[in-house]
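The values are calculated or read from the model by the stated rules, or taken from the named source; none is laboratory data. In this text, all values refer to a predicted model and were calculated from it rather than measured experimentally. Cβ placement follows ideal geometry from the backbone for every residue including glycine, while neighbour counts extend to all protein chains displayed. The area values use the complete protein model at the heavy-atom level, side chains included, leaving out ligands, DNA and RNA. Shrake-Rupley method; radii C 1.70, N 1.55, O 1.52, S 1.80 Å.
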Amino acid sequence: MISQAHTDVEEKRQSLWLLAWPPTIWAVHFLGSYALAAVWCRGGSTGSYWLGVSIAAPALVALALIGFAGWIGWKKHTIPGGKPSHDGDNNEDRTRFLGFATVLLAALSAVATIYTSVAALISGGCG
Amino acid sequence: MHHDHEPLAETPPVELQRQQSERLQRAWEPAKGWRYWSEVNNSVVGQWYTALTIFFLAYGGVLAALMRIQLAIPNNKFMTAETYNQVFTVHGSVMMFLFAIPIFEAFSIMFLPQMLGARDLPFPRLSAYGFWAFLMGGMTLCLSLLFNAAPSGGWFMYPPLTSKYEPGIGADMWLLGFSFIEVAAIAASVELIVGILKSRPPGMRIHLIPLYCWYVLVAGAMVLFAFPPLILGSMLLEIERALNWPFFDPTRGGDPLLWQHLFWLFGHPEVYIIFLPSVALVAMIVPTFARTPIVGYSWIVLSAIGTGFLSFGLWVHHMFTTGLPGITLALFSAASQAIAIPTGVQIFCFIATMLVGRVVNSLPMMFVFGALATFVIGGLTGVMVAVASFDFQAHDTYFIVAHLHSVLIGGSIFPFVGATYYFYPLVNGKKLSERLGRIVFWLMFIGFNVTFMPMHLTGLRGMPRRVYTYSEGLGFETLNLISTVGAAILVTGFAVFFWDLFRSKDHEPLSERNPWGAGTLEWLQEMPGKPWGVRSIPEIDSRYPLWDQANIVRDVDEGRFFMPDAEEGKREMLITSIIDAKPVQCLRIPGPSYIAFWAALFTGGVFIFPTFKLYWPAAVCAVIATGLILRWLWEGSAMIPEKDHKYIGHGVDVPLYVSGSDSVGWWAMLITMLAVITAFVSLLFGYLFYWTLDRNFPPPGMPGPGWFWPTLGTALLLGAWALTNLVRKWNSQDRAGQVYGGLGVSCLLAIAGGAAMIAGPYLNSMDPTQHVYAATIWLLAIWTAMHAGLGLIMNAYCIARRAAGRMTAKYDIEIHNVGLFWHFVAITAVATEIVLVLFPILK
């Protein structure tokens with residue numbers, strides 16, 4: 001019998017898509033920023049500080065979503081079971097790996113999103 | 001609880017082992033004589049692919065040497081300007097499209113089955129098709145140089161140079177030839193992605209797969225999203241050249257800058273498509289010689305995936321000097337800096353692995369060190385040019401030439417050569433010469449540095465790239481001469497390498513098994529390898545099974561694991577689940593056949609004939625190619641097996657036929673359509689790009705497609721989509737009448753929907769040569785109509801399969817895959833409706 005505690009680590013509850021989530025949020029924010037700048041600056045507009053702010057503000061939402069993915073990842077990473085070095089052929093170690101990789105990707109995506117907004121705040125101009 | 005399947009405790013009887021081996025041998029025996037060229041087994045096709053790629057490397061190298069001869073002294077008359085233009089264009093194009101990208105696909109096709117302990121990959125004929133397409137497209141481009149008909153606009157082919165000022169067929173050759181090769185590359189990606197996700201040995205869970213597979217998975221996915229923008233861009237440029245539709249012509253609303261966007265949307269990820277699989281080779285070699293598992297497996301996976309994503313946010317850094325808004329430059333500059341993080345992480349992981357283990361002095365490791373040092377230098381100059389203000393100075397100078405060659409030679413060539421020395425025993429059971437290898441390394445490493453180090457300075461002194469000569473007294477002479485001397489050393493290194501690779505080794509002893517003492521599965525292979533790949537498919541418990549699983553070699557060899565036999569004499573492989581690699585299917589795969597060759601030949605006609613403005617032969621080729629591909633599918637896919645299940649040993653029974661998202665074909669359709677929809681999104685990007693350029697886009701007073709026809713077309717296609725997916729349900733309930741009726745009606749809806757899409761621009765007399773708006777609308781309408789046409793063919797195919805008894809209520813792969821295809825048609829139709837009808841209204 002599979003006990004209730006084990007269902008969290010069953011294969012059908014795992015997915016590779018979780019890994020793609022944080023960087024996808026970075027990508028959406030980045031692409032949105034690029035599009036916003038292109039539209040804002042079209043026809044020779046000079047741009048303004050508000051353009052930078054309009055990029056940096058949504059970054060907070062993006063960071064929250066990335067953080068949420070990272071939190072899910074962290075929970076997976078800290079499930080009980082398995083044994084160190086966590087590279088064994090069992091459900092727990094697999095889940096821990098998926099969780100930890102998600103945490104790392106969330107951290108990288110957060111840094112990249114912050115880079116985007118800092119760059120936008122410093123240089124709000126279209127020129 | 002999880003139960004592992006242990007190998008059989010007892011040795012199977014010797015007589016049984018012999019019979020099993022014989023049956024496996026018969027099933028997997030490569031075709032003999034001329035029929036050898038009809039082989040489709042990935043290990044064989046991978047060898048052809050690799051050999052051809054190495055030929056292209058040599059070809060591109062010879063062109064490089066010619067350029068260095070020309071530039072050795074000022075005012076040299078060795079080559080004319082026109083010849084030089086062709087030579088540098090073909091050099092860049094060959095090295096990028098015919099060596100650096102395909103070498104990863106070739107290597108992977110060759111070695112993935114071994115790394116995965118698999119007999120083959122799921123679509124052997126697709127690999128063969130990709131190989132033949134690659135051969136034809138690549139040879140066409142290489143030969144064009146000999147007829148003075150090669151492209152001469154640089155490997156990135158910027159218009160208006162290539163749209164207005166290159167009247168010959170060279171540019172057409174590039175645009176069409178490479179589109180053909182890119183299609184082949186996408187085919188290979190489908191094979192590699194599905195192979196990695198679905199054909200791992202039992203127990204090789206997602207956190208145990210070799211790092212090489214992670215990298216190739218990411219690189220394969222990147223191909224799907226990076227190549228379509230270039231294919232679309234090439235299409236636009238070719239249509240402009242051939243039919244005068246003004247996509248890049250500013251006098252009629254177009255803009256040459258769109259090409260740069262589309263090209264670099266491909267071009268920058270491409271750098272990482274090249275780089276990641278090369279690091280992947282390093283990630284296989286380092287643990288072997290450090291004698292310890294890799295340090296930071298998860299961190300390396302982070303690097304691979306993170307790099308894959310971030311690399312799509314860098315494309316504008318090739319366009320810093322095109323006058324884009326300052327804030328746009330800042331955004332891309334930031335992303336270009338961010339990608340240094342994951343790139344650095346993996347290098348630190350390698351260094352940490354070497355520190356934790358005890359590095360054994362060996363030839364492949366020398367190349368690894370050379371690669372890391374060179375790549376880091378190239379990476380650091382990359383960080384320099386990622387700073388926009390520095391780039392304004394260095395742009396289009398030899399500094400960039402030095403930078404990109406450090407990245408590519410450090411990030412691709414050195415790992416490739418090192419990996420060749422490492423993996424060569426898997427190809428024919430012999431080792432390459434250690435002594436020659438050390439000579440090769442020092443010649444290449446010294447030659448490379450003498451050639452390219454001075455170029456940084458040449459560039460900073462102001463020498464522009466792509467000039468065929470320079471005057472005396474500008475301070476370029478000495479530096480150029482040094483570079484040429486270095487190139488001579490580098491070429492000598494390659495000559496020795498090729499000699500070592502292709503010299504006869506008949507009189508040399510076979511290498512011992514697992515000669516480097518590696519821990520990964522590919523080193524199970526016998527010397528020389530057997531056509532069946534692995535004798536039995538092992539259960540994996542570790543990232544380094546050869547180190548951690550006692551007796552695994554014996555157990556595999558004696559057939560103590562899964563599928564040790566080919567009872568029915570068929571080529572079979574094991575399909576497993578994506579996360580945990582649990583057995584889900586025994587997949588029968590087709591054996592030797594020329595059909596992939598013929599299909600590639602006629603597909604080639606579709607791309608090559610238009611170069612010479614021969615459109616009718618191209619159309620005929622298209623019809624024949626479609627017919628051949630249908631026949632290929634008809635006889636080689638979704639075959640109904642003689643029994644439902646097959647026993648694969650250890651108490652496991654797996655189905656021989658699965659459909660829907662369990663089947664490999666469904667995944668192939670999904671992956672292919674992701675690439676297709678990316679090309680479509682690139683076209684939408686073009687439309688929005690024109691809109692951001694011009695406040696009057698769509699131009700007032702110019703006829704549009706109207707609202708009626710596009711809306712009708714969309715509605716009809718949505719009807720076909722819904723009906724096809726209903727048919728999938730009816731089919732599973734075995735309601736034959738509804739199945740035939742539904743498919744028949746959906747065929748009619750597809751025809752009517754496609755026609756209505758075309759009717760919009762046609763009946764409103766939109767002239768695509770007049771303005772880019774009309775051209776874009778026409779292309780969107782044609783694109784959607786072509787999807788309807790493909791859907792029509794697929795639905796008709798399902799009718800035929802059902803009528804022939806090859807598709808039934810139970811055996812229903814086709815209708816699942818076709819239903820999936822129609823989802824993408826529906827998305828395309830709705831997006832077209834939005835752009836054609838809603839966007840102008842909202843505006």
*State in Å² the accessible area per residue of the protein assembly as shown; use a 1.4 Å probe, count heavy atoms of protein chains only, and round to the nearest integer.*
36
*asked:* With +1 on the Cβ of every Lys and Arg and -1 on the Cβ of every Asp and Glu, and nothing else charged, how large is the dipole of region B:1-146 about its Cα centre, in debye rounded to the nearest 20?
replied: 620
*Hey, what did chain B get for relative contact order, percent, Cα under 8 Å, at least 6 apart?*
16
*Does any residue of region B:323-370 lose at least 20 Å² of accessible area with all protein chains in place compared with its chain alone, and if so which ones (probe 1.4 Å)?*
B:325, B:326, B:327, B:328, B:330, B:331, B:332, B:334, B:338, B:341
_Drop in accessible area of at least 50 Å² in the complex versus isolated chain, residues of region A:83-103, 1.4 Å probe_ = A:87, A:89, A:94, A:97
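In debye to the nearest 20, how big a dipole does region B:711-843 give about its Cα centre with +1 on each Lys and Arg Cβ and -1 on each Asp and Glu Cβ? Let's see the in-between values first.
On the way: 8 positive and 5 negative charges, 86 e Å.
Computed about the Cα centre, the dipole is about 420 debye.
Under the rule a/c < 1.5 gives rounded, and otherwise a/b versus b/c splits prolate from oblate, where does region A:15-122 land using the Cα gyration tensor? Don't skip to the answer; put the middle values down first.
Details: a/c = 4.37, a/b = 3.47, b/c = 1.26.
Because a/c hits 1.5 or more and a/b exceeds b/c, region A:15-122 counts as prolate.
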*Estimated vicinal HN-Hα couplings, Hz - region B:404-412 in sequence order (Karplus 6.51, -1.76, 1.60; Gly, Pro = x)*: 5, 6, 5, 5, 7, 6, x, x, 9
*With the dipole of chain B worked out from charges on the C-beta (+1 for Lys and Arg, -1 for Asp and Glu) around the Cα centre, which of B:493, B:428, B:614 lies farthest toward the positive end?*
B:614
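Normalising by the residue count of region B:734-843, find the relative contact order in percent from Cα pairs under 8 Å and 6+ residues apart.
Numbers: 75 pairs, mean separation 32.1, N = 110.
Relative contact order comes out at 29 percent.
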_Please compute the modelled spin-label separation between residue A:15 and residue B:504, points set 7 Å along Cα→Cβ, answer in nm with one decimal._
6.0
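Charges at C-beta only: +1 for Lys and Arg, -1 for Asp and Glu. How large is the resulting dipole of chain A about its Cα centre, in Debye rounded to 20?
Using Cβ point charges on Lys, Arg, Asp and Glu, chain A gives about 280 debye.
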_the protein assembly as shown: Cys lacking any partner C-beta under 4.7 angstrom_ = B:142, B:213, B:349, B:586, B:621, B:747, B:798
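Just check region B:452-502 against the gyration tensor rule for me: Cα atoms, a ≥ b ≥ c as the square roots of the eigenvalues, rounded for a/c under 1.5, and otherwise prolate or oblate depending on whether a/b exceeds b/c. Walk me through the numbers on the way to the answer.
Working: a/c = 3.00, a/b = 2.90, b/c = 1.04.
Prolate shape, in that a/c is at least 1.5 and a/b is the bigger ratio.
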_Threshold 30 Å², probe 1.4 Å: give the residues of region A:105-124, in number order, that are less accessible with all protein chains present than with their chain alone._
A:105, A:108, A:115, A:119, A:123
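Keeping the other protein chains in place, figure out the carbon and sulfur percent of the accessible area of region A:15-122, with a 1.4 Å probe. Display every interim value, and only then the final one.
Numbers: 3600 of 4770 Å².
Carbon with sulfur: 76 percent of the solvent-accessible area.
Computing the accessible area with a 1.4 Å probe over protein heavy atoms, can you report the carbon and sulfur percentage for chain B? Could you put the intermediate results ahead of the total?
Working: 19990 of 29010 Å².
Reported share for carbon and sulfur atoms: 69 percent.
Quick check: residue separation of residue B:634 and residue B:841 times 0.36 nm, minus the Cα distance between them. What number comes out in nm? All intermediate terms of the calculation are to be shown ahead of the outcome.
Numbers: separation 207, 0.36 × 207 = 74.52 nm, distance 4.62 nm.
Between residue B:634 and residue B:841, full extension yields 69.9 nm more.
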_Using the Cα centre of the protein assembly as shown as origin and beta-carbon charges of +1 (Lys, Arg) and -1 (Asp, Glu), tell me which of A:57, B:569, B:446 is placed farthest towards the positive end of the dipole._
A:57
*Dipole of chain B, positive direction: furthest Cα of B:836, B:73, B:740, with charges on the beta-carbon*: B:73
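If you take the accessible area of B alone, add that of A alone, and subtract the area of the pair, what total do you get in Å², probe 1.4 Å, to the nearest 100?
Values: alone 30980 and 8260 Å², together 35170 Å².
The contact between A and B buries close to 4100 Å².
When the gyration tensor of chain B is built from Cα positions, what are the square roots of 5 times its three eigenvalues, in whole Å, from largest to smallest? The partial results should precede the final answer.
Numbers: eigenvalues 336, 314, 104 Å².
Gyration-tensor ellipsoid for chain B: 41, 40, 23 Å.
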*Relative contact order for region B:662-806, counting Cα pairs under 8 Å that sit 6 or more residues apart, in percent*: 26
_Under the rule a/c < 1.5 gives rounded, and otherwise a/b versus b/c splits prolate from oblate, where does the protein assembly as shown land using the Cα gyration tensor?_
rounded
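Pick out, in residue order, every one of the trypsin sites (Lys or Arg not before Pro) in region B:32-106 that is DSSP loop and has at most 11 other C-beta atoms within 10 Å; say none if there are none.
Numbers: sites: B:32, B:35, B:68, B:77; in loops: B:32, B:77.
Filter output for region B:32-106: B:32, B:77.
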